[in-house]
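The values are calculated or read from the model by the stated rules, or taken from the named source; none is laboratory data. Not measured: the values here are computed from a predicted model. Methodologically, a virtual Cβ is constructed for each residue, glycine included, from the backbone with ideal geometry; neighbour enumeration extends over all protein chains shown.
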Amino acid sequence: MCFTNAIFFLSQPLHFSKMENEEGNEEHKPIIQCKKQKGGFRASMFIFVLSALDNMGFVANMASIVLYFYGVMHFDLASSANTLTNLMGSTFLLSLVGGFISDTYLNRLTTCLIFGSLEVLALVLLTIQAALPHLHPNACGKPSCVKGGIAVMFYASLFMLALGNGGVKGSMTAFGADQFDEKDPNDAKAIASFFNWLLLSATLGSVIGVTGVVWVSTQRDWHWGFFIITLASSLGFVTLALGKPFYRIKSPGESPILRIVQVIVVAYKNRKLTLPESNEELYEIGDKDATIDKISRTNQMRFLDKATIFRENSEPKLWEVCTVTQVEEVKILTRMLPILCSTIIMNTCLAQLQTFSVQQGSVMNLKLGSFTVSSPSIPVIPLIFLCILIPLYEFLFVPFARKITHHPSGITHLQRVGVGLILSSISMTIAGVIEVKRRNQSIKDSSHPISLFWLSFQYAIFGIADMFTLVGLLEFFYREAPSNIKSLSTSFTYLSMSLGYFLSTVFVNVINSVTKRITPSKKGWLQGSDLNQSNLNLFFWFLAILSCLNFLNFLYWASRYKYKSEDSNSRPDLKTIAETKTTLKMVDDEKAKKGESIKDIMRGKAKESSQTSEANSEGPSSSDETDEGKEKEGKYRELNSR
């Protein structure tokens, strides 16, 4: 269709009058419409399918593989928890690799498919090792019994899984958001919706993972669970590849790390120079030469602005001078760092729900009537809540909030993150209370433990917290990042999760070491394999207090953060766009009453030179209206182009 329209357009003769040029523009519209057929939610559907299928396996592993480490690979309680948190931490940390490569060397689609292949290969190795008994270690009573060739295969598959899955996460999210144009007001709303639907697709896949896949793994055999995950991930990446004709694919650019280092080096070299009073004297490339979106100068971190000082009798060379846009990119990333650090503690809390809470569930009453529930399937409760809450949030809350705030996302990204941080602290408080109830009942009558579904309270609250924080961070880092580092910036969300998982390992080891010395029993809070002999509730409350202090830290940095959209050259908000469209509609209505339109006036003006003197006498009136129409039309186009 596009090719036929292009041939038809090129076969038409060229016209030079304004009237005929207007008609030529209308003939050109099908080509523009063909370009717009790429991207949007139709392209995003392929990404949603990958997100669902890939997260089906990822979340199933996240919820249950700690039992595989404990029961099959014979790690002890603390070592199996630490192995899982280290695996998750490495996965999220390595998302930076995928983000960097897709910003610099390969496009995001290619990056996603390459790392996806590595992930599938790792799952194949895990399946083989789980299926063959001679590749399992013998129980030895030590923290870890894995050694020799078994250890090589085990840790190699885990590393490949972390690298592959991390690389996919680092490129897939930004690739999906690339299907929408941030400068278009309608697409600005669509991007906010995209992140919500991306979370919903991941949640739907996760529901299948923590129920069906986990049940197969724990009740049948582990290798069958890994086999299902392998098939699902393979199907997901094939689906992603099939959607290539529909995608908007952005080419990689200059290395973001190199651009950052250049600013720091040049700013240090020019540290003794004085900044000029006028911004016009600072170095910046012209609009015609710009290959990335230009960013206006801000007054924060003025010491970096010295990198833009253009010395006399010198040429603009790399490592000698940087553009204002390049310096502002560094400022934006610097402003993001405190926000990133403020979310680490929340992800440390998340790690506990995937380790100790699963171990709690394994010693509780797993019966639901005549059906036995696998303890790793408990996260299905918050996931079901999310499946209900995300559409309600998208269709009810966001439209209502937009009317009040005039923000495309309803509320700002940082407000959304703040809500999640508060809820995570409440979740840890409740987790400590539930653990006290579980332990007291187990000590009183071990044959009648409390129901597994008592854990649903902490899981449900944290699930809602995750809905606010995860989507808020993804959209925040994508929207605020410069155009050439979208993938790397989006990976900061996963960097926060990575640091949270690693910090969980540190907390477990440090608290065990300290409490072993100061408690009368000389036992650590989390020592050994018997939860009834530990003080897991105190660990949960420790994290709750830490989360409250962390929220105060977040409030400080969030209140000082200046959004990129607050710059002087930013696009107008939804209220401004709506008011302008209303004004223009009123102007068009007035013209319609006179029986004239802007198009008719343009055509009338084009015929002025060939008309009679009587017609010419009406020219000034037509010209005045044409100028007015052009001015209004130009204003409208300018607003939409932003």
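Look at residue 88 and say whether it is part of a helix (DSSP H, G or I), modelled with pLDDT of 85 or more and assigned by TED's automatic domain parsing to the domain that holds residue 504. No, not satisfied.
Report yes if residue 97 is out of contact with any strand residue (DSSP E or B) (no Cβ under 9 Å at 6 or more places or on another chain), surrounded by fewer than 20 Cβ atoms within 10 Å (Cβ to Cβ) and part of a helix (DSSP H, G or I), otherwise no. Here the answer is yes, as residue 97 does meet what is asked.
Confirm whether residue 396 is surrounded by fewer than 16 Cβ atoms within 10 Å (Cβ to Cβ) and in a helix (DSSP H, G or I). Spelling it out, residue 396 is indeed surrounded by fewer than 16 Cβ atoms within 10 Å (Cβ to Cβ) and in a helix (DSSP H, G or I). Here the condition is being in the same structural domain as residue 548 (by TED's automatic domain parsing) and touching a Cys at 6+ places or on another chain (Cβ under 9 Å); of 377, 357, 424, it holds for 424 alone. Checking the stretch 183-200 against the condition returns a match, with at least one residue being assigned to a loop (DSSP other than H, G, I, E, B) and either without any contact (Cβ under 8 Å) to a residue 60 or more places away in the chain or more than 29 Å from residue 374 (Cβ to Cβ) (or both).
The criterion of being at pLDDT below 85, of a type outside the set (A, V, I, L, M) and crowded, with 18+ Cβ neighbours inside 10 Å does not hold for residue 369. One residue is enough: does the stretch 522-531 have a residue meeting the conditions touching an Asp or Glu at 6+ places or on another chain (Cβ under 9 Å), modelled with pLDDT under 80 and in a helix (DSSP H, G or I)? Taking every residue of the stretch 522-531 in turn, at least one turns out to be touching an Asp or Glu at 6+ places or on another chain (Cβ under 9 Å), modelled with pLDDT under 80 and in a helix (DSSP H, G or I). If the condition is being closer than 19 Å to residue 374 by Cβ and modelled with pLDDT of 85 or more, then the stretch 458-475 contributes only 458. In this structure, does residue 402 turn out to be assigned by TED's automatic domain parsing to the domain that holds residue 69, more than 24 Å from residue 545 (Cα to Cα) and assigned to a helix (DSSP H, G or I)? Against the criterion (assigned by TED's automatic domain parsing to the domain that holds residue 69, more than 24 Å from residue 545 (Cα to Cα) and assigned to a helix (DSSP H, G or I)), residue 402 qualifies. Condition test on residue 498, is it over 29 Å from residue 167 (Cα atoms), in a helix (DSSP H, G or I) and of a type outside the set (A, V, I, L, M, F, W, C)? It is false that residue 498 is over 29 Å from residue 167 (Cα atoms), in a helix (DSSP H, G or I) and of a type outside the set (A, V, I, L, M, F, W, C). Of the residues in the stretch 217-226, at least one is in contact with a Leu (Cβ under 6 Å, 6 or more places away or on another chain), in contact (Cβ under 8 Å) with a residue 24 or more places away in the chain and either closer than 18 Å to residue 57 by Cα or not in a helix (DSSP H, G or I) (or both). I'd like to know if the stretch 111-128 contains one or more residues that are in the same structural domain as residue 200 (by TED's automatic domain parsing), hydroxyl-bearing (Ser, Thr, Tyr) and over 22 Å from residue 152 (Cα atoms). Yes: the stretch 111-128 contains one or more residues that are in the same structural domain as residue 200 (by TED's automatic domain parsing), hydroxyl-bearing (Ser, Thr, Tyr) and over 22 Å from residue 152 (Cα atoms). Scanning the stretch 65-81 for residues that are part of a loop (DSSP other than H, G, I, E, B) and of a type outside the set (A, V, I, L, M), we see that the one that is surrounded by the fewest Cβ atoms within 10 Å (Cβ to Cβ) is 76. Would a scan of the stretch 52-67 turn up a residue that is among the charged types (D, E, K, R), in the same structural domain as residue 172 (by TED's automatic domain parsing) and closer than 26 Å to residue 220 by Cα? Checking the stretch 52-67: at least one residue is among the charged types (D, E, K, R), in the same structural domain as residue 172 (by TED's automatic domain parsing) and closer than 26 Å to residue 220 by Cα.
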